[in-house]
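Let me begin by presenting the structure, written as structure tokens, before commenting on it.
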Amino acid sequence: ESSGASESGGAAVPRLPIPAPPSIGDRALNEIFSSTSESPVERARNAKMKTKMGRLALLRKKERRASAGRNSTSTLYADGTIVKPNMASLIGSIAKSMQRTIVKGHATETQVSIDVFDETAHPIATDSIDYTKPPPEKFVYLFLSTMFQVECLPPECGIMMLAYIDRIIEKTNLCLTVKNYRRLSLGCLILATKVWEEEEVWNADFQSIFPNVTGKDLATLEKKILSLLSFNVSLNASVYAKYYFELRSIADTESFGLAPLDKDRASRLEASSAAETARLQESLSVAMLSPGRAGRARAQSVDFNHSVPAAAPLILN
């Protein structure tokens, strides 16, 4: 699934010799997202959006959007994208970090790629993109800010998204390039939102932003990301803090606008990410031990307790 390709010019960027995570098989993944665990995609396909729960979730989202508009004393306009000042500063720092890493990825002689993230094979939009060179920082910013604005996403999800991206890069030596950064960011942001938000989050919500993306495509993207993370989406408050202060240090404005995690939000982060990890791992165990898979399950090894990077050696450097 991973392939190496060469680009002319540019010095090689050293990559950590970290082996790829063990494969657990497509069948086990499919069972997790079907019979053994009802995924958001399946609920969307079953028209749950039209049920009372779906209508309530939609109403709450509208209320959040209206509340955000009332509480904001000023807004930032950037090429039609409106975001609150604190979000603009945070997203700007994330975009700057990602763009720097993309530049390094393009300069790498032997690039590691993963097909499911490749927009040349799986485009998320119809816009014209030059895949031969890194995108401008402004382009990365507009891509990220659109998702945050349209879906009214909390700022914490941006930092969590970056942590998941960094973890995948470190585990797989994936080279972040103009071809893959948008699909990888989209998948990790959806995952971060599901982990952080107390309300129901649906993959289908993001299809309104990217009409080219289907529910099946998002489900495949989600399964691959979870597999690369070994179904471990836990995130410690100390790791979050490392990302937060690094992002604040490269902000273009003196006032970052976003406060560090307080005690309650830190507890919420660790509890929700740990709970989601436990749910995913339990679903995986059930899928692997289902009839016809018990023998293979004993032979396969999935390291649920793999060490989580204490810092961000790739994105933020």
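Each reported figure results from applying straightforward, stated rules to the coordinates on display, with no laboratory input. All figures in this text were calculated on a predicted structure; none of them were measured in a lab. FYI the Cβ positions are ideal-geometry reconstructions off the backbone, even for glycines, and counts take in every protein chain you see.
For the residue pairs K104/K171; K223/K263; K104/K263; K104/K216; K133/K194; K194/K242, the alpha carbons lie more than 29 Å apart in K223/K263; K104/K263; K104/K216; K133/K194.
Would segment 212-261 count as rounded, prolate or oblate if I go by the C-alpha gyration tensor, calling it rounded below 1.5 in a/c and otherwise prolate when a/b exceeds b/c, oblate otherwise? Here segment 212-261 falls in the oblate category. For segment 85-227, a/c is less than 1.5, where a ≥ b ≥ c are the root eigenvalues of the C-alpha gyration tensor. That puts it in the rounded class. Where in segment 192-223 is the amide nitrogen less than 20 Å from a point lying 7 Å along the Cα-to-Cβ axis of D115? Under cut-off, by backbone N: 213-223.
Take every pair of alpha-carbon atoms less than 8 Å apart whose residues are at least six positions apart; their mean separation over the length of segment 159-226 yields a relative contact order of 32 percent.
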